[in-house]
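Taking it in order: structure first as structure tokens, then the write-up.
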Amino acid sequence: MKISRKKIILFITLFFLFISLLFVAIYLKNVAAYKKAVKETTFGGVDISAIPDGIYTGKYNVDFIYAKVNVTIQNKEIIAIDILEHKNERGKPAETIINKIIAEQKIDVDTMSGATNSSTVIKKAVENALKQTL
């Protein structure tokens, strides 16, 4: 029995369509999990005045966004935050959140409009850096 060329093309097309739909479904599931992780991110109080002088490294990862930072404490104040790594979606502008953290001397500052998820991840990386000292 000979299989027609049209049936082979149809089978190949349907196969690739199925594989494509499978990848889209997996991607959407991962996006939903990442958004849930960002939404559930909370910030505890960190008493900056209780942290000894030094440079502390922290990171936070929600799969699609990742940040690793060095936080410098001097004389009971945050004097510098260096972003060592920042894997982001569209969140490059979120990196300016470090200026707010330094100016207000607290972690839970308002996020950057248009880069809320990246701002949240950077803030949590800063908190994780400082919490390891306590």
(request) Being in contact (Cβ under 8 Å) with a residue 40 or more places away in the chain and either open to solvent by 50 Å² or more (accessible area, probe 1.4 Å) or farther than 19 Å from THR72 by Cα (or both) is the filter here, so list the residues in the range 102-115 that pass it. (result) GLN105, LYS106, ASP108
(request) Would you check if ILE83 is in contact with a strand residue (DSSP E or B) (Cβ under 6 Å, 6 or more places away or on another chain), surrounded by fewer than 16 Cβ atoms within 10 Å (Cβ to Cβ) and aliphatic (A, V, I, L, M)? (result) no
(request) Sort through ILE73, ILE55 and tell me the only one that's touching a strand residue (DSSP E or B) at 6+ places or on another chain (Cβ under 8 Å), modelled with pLDDT of 95 or more, more than 25 Å from VAL38 (Cα to Cα) and surrounded by 20 or more Cβ atoms within 10 Å (Cβ to Cβ). (result) ILE73
(request) Just name the residue that is modelled with the highest pLDDT out of those in the range 18-52 that are of a type in the set (Ser, Thr, Tyr) and more than 13 Å from LYS131 (Cα to Cα). (result) SER20
(request) Could you please give the count of residues in the range 53-65 that are among the aromatic types (Phe, Trp, Tyr) and not in a strand (DSSP E or B)? (result) 1
(request) Examine the range 86-99 for a residue that is open to solvent by less than 80 Å² (accessible area, probe 1.4 Å), at pLDDT below 95 and assigned to a strand (DSSP E or B), and state whether such a residue exists. (result) yes
(request) Evaluate the following for LYS68: is it on the phi < 0 side of the Ramachandran plot, surrounded by 22 or more Cβ atoms within 10 Å (Cβ to Cβ) and either within 14 Å of the chain's Cα centre (by Cα) or part of a strand (DSSP E or B) (or both)? (result) no
(request) Filter the range 37-52 down to the residues that are open to solvent by 90 Å² or more (accessible area, probe 1.4 Å) and in a loop (DSSP other than H, G, I, E, B), then identify the one that is farthest from ASN75 (Cα to Cα). (result) GLU40
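The values are calculated or read from the model by the stated rules, or taken from the named source; none is laboratory data. Bear in mind the structure is a predicted one, so any value in this text is a computation, not a measurement. As a convention, Cβ positions derive from the backbone with ideal geometry for all residues, glycine included, and neighbour counts pool all protein chains shown. Areas reflect the complete protein model, heavy atoms only, side chains present, ligands, DNA and RNA absent. Shrake-Rupley method; radii C 1.70, N 1.55, O 1.52, S 1.80 Å.
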